[in-house]
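A.B. asks: Can you keep this structure in mind? I'll have questions shortly.
The values are calculated or read from the model by the stated rules, or taken from the named source; none is laboratory data. For clarity, every value in this text was computed on a predicted model and none was experimentally measured. Every residue, glycine among them, receives a Cβ derived from its backbone with ideal geometry; neighbour counts consider all protein chains shown.
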Amino acid sequence: MKRFLLITLLSLPTLAHAASFKVISLAPHATELAYAAGLGDALIAVDDYSDYPPEVDKLEHVASYRGINLERVVALKPDLVIAWKGGNPDKEVAKLEKLGIKVFYSNPKSLDETAQQIDALSKFAADPAKGSAVAEQVRSELAEIRAEQKGKTAVPYFYQLASDPLMTNGGNNWPAPLFKMCGGENVFKDAKAAYPMINKEQVIVNKPEAIFYSDNTDPKAFWESWKSHLPAAQSDSVFSLNPDWLNRATPRALKAVRQICTALDKVRATA
């Protein structure tokens with residue numbers, strides 16, 4: 001009986017924390033990071049686009065493409081708001097901070113930073129060890145992938161971010177780091193804009209050996225009339241990627257990396 005009472009008393013701070021600490025996420029990737037960090041039970045509201053894990057469906061929505069419902073966020077009295085740096089309106093997030101609400105800014109540029117942010121967010125959780133374990137798992141898989149891909153031949157690729165208008169990512173902007181891990185070389189790496197609008201002629205001139213897409217377009221039909229000028233289309237090296245895995249800097253992005261590495265290995269095998 002005494003042992004039972006001791007265990008119960010030791011667990012009270014944790015239970016109290018879970019019941020009292022309240023978190024709001026303002027972006028899909030931030031919501032996934034919150035769950036990864038062990039803050040799932042503390043989440044009370046999210047944005048319109050947060051859809052993973054499935055438990056978020058029951059949560060209230062306080063942000064959309066129109067902005068943040070500041071009045072509602074304040075009324076919910078969160079202990080922590082996880083905001084998307086560069087994705088949520090800066091002025092609106094600043095207003096929350098001026099009102100004394102603690103804001104954690106999230107905008108990981110790589111999966112290494114994703115692991116770092118999970119670690120940082122886990123400090124707010126009732127059991128920080130859960131988030132630390134997830135972060136360590138991400139680091140471990142990153143190390144494994146890098147070892148597997150070391151020394152492989154670079155493959156020039158084009159990522160079709162959108163079709164109408166035709167867009168891609170420039171430089172090392174997300175999701176370029178995922179492709180780079182697999183030896184992919186972005187044919188638009190020198191573009192000045194982060195996410196430039198381009199035309200088909202520019203793609204053809206750069207001669208990508210692989211094309212990746214994550215929207216609902218049928219890329220083979222999209223490029224059919226240009227097939228004779230496009231090595232990737234000729235060799236059937238056009239690959240579909242899961243948009244949620246690819247476009248969110250969360251642990252699930254490791255699945256996208258695996259997809260990319262497998263695809264580029266196929267391209268190398270047919271070269």
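A.B. asks: Select from the stretch 53-77 the residues that are closer than 11 Å to Leu99 by Cβ and touching a strand residue (DSSP E or B) at 6+ places or on another chain (Cβ under 6 Å) and list them in ascending order.
C.D. replies: Correct list: Val73 only.
A.B. asks: Only one of these conditions is not met by Lys85: (1) under 30 Å from Phe179 (Cα atoms); (2) at pLDDT 95 or above. Which number is it?
C.D. replies: (2)
A.B. asks: Shifting gears a bit: Checking Lys58 against (1) under 18 Å from the mean Cα position of the chain (by Cα); (2) exposed (fewer than 12 other Cβ atoms within 10 Å of the Cβ); (3) not hydroxyl-bearing (Ser, Thr, Tyr), which single condition isn't satisfied?
C.D. replies: (1)
A.B. asks: Quick one: which residue in Gly183, Gly131 is in contact with a Lys or Arg (Cβ under 7 Å, 6 or more places away or on another chain) and at pLDDT 95 or above? Please lay out each step first, then the result.
C.D. replies: Numbers: Gly131 fails: in contact with a Lys or Arg (Cβ under 7 Å, 6 or more places away or on another chain).
Criteria check complete, one pass: Gly183.
A.B. asks: Go through (1) touching a helix residue (DSSP H, G or I) at 6+ places or on another chain (Cβ under 6 Å); (2) of a type in the set (Lys, Arg); (3) at pLDDT 90 or above for Lys227 and report which single condition fails.
C.D. replies: Lys227 satisfies all of (1) touching a helix residue (DSSP H, G or I) at 6+ places or on another chain (Cβ under 6 Å); (2) of a type in the set (Lys, Arg); (3) at pLDDT 90 or above except (3).
A.B. asks: Within the stretch 151-172, take every residue that is touching a strand residue (DSSP E or B) at 6+ places or on another chain (Cβ under 9 Å) and outside any strand (DSSP E or B) and give me the one that is surrounded by the fewest Cβ atoms within 10 Å (Cβ to Cβ). Walk me through how you get there before you give the answer.
C.D. replies: Taking the stretch 151-172 as the starting set, the residues that turn out to be touching a strand residue (DSSP E or B) at 6+ places or on another chain (Cβ under 9 Å) are 154-163, 165-172.
When the remaining residues are screened for being outside any strand (DSSP E or B), the result is 154, 161, 165, 168-172.
Numbers: Ala154: 13, Leu161: 21, Pro165: 9, Thr168: 23, Asn169: 20, Gly170: 18, Gly171: 15, Asn172: 14.
Restricting to residues being touching a strand residue (DSSP E or B) at 6+ places or on another chain (Cβ under 9 Å) and outside any strand (DSSP E or B), the top hit is Pro165.
A.B. asks: Would you confirm whether any residue within the stretch 121-130 is out of contact with any Pro (no Cβ under 8 Å at 6 or more places or on another chain) and in a strand (DSSP E or B)?
C.D. replies: Taking every residue of the stretch 121-130 in turn, none turns out to be out of contact with any Pro (no Cβ under 8 Å at 6 or more places or on another chain) and in a strand (DSSP E or B).
A.B. asks: May I pose another question? Kindly indicate whether any position in the stretch 213-223 is assigned by TED's automatic domain parsing to the domain that holds Val257, among the small types (Gly, Ala, Ser), in a helix (DSSP H, G or I) and modelled with pLDDT of 95 or more.
C.D. replies: no
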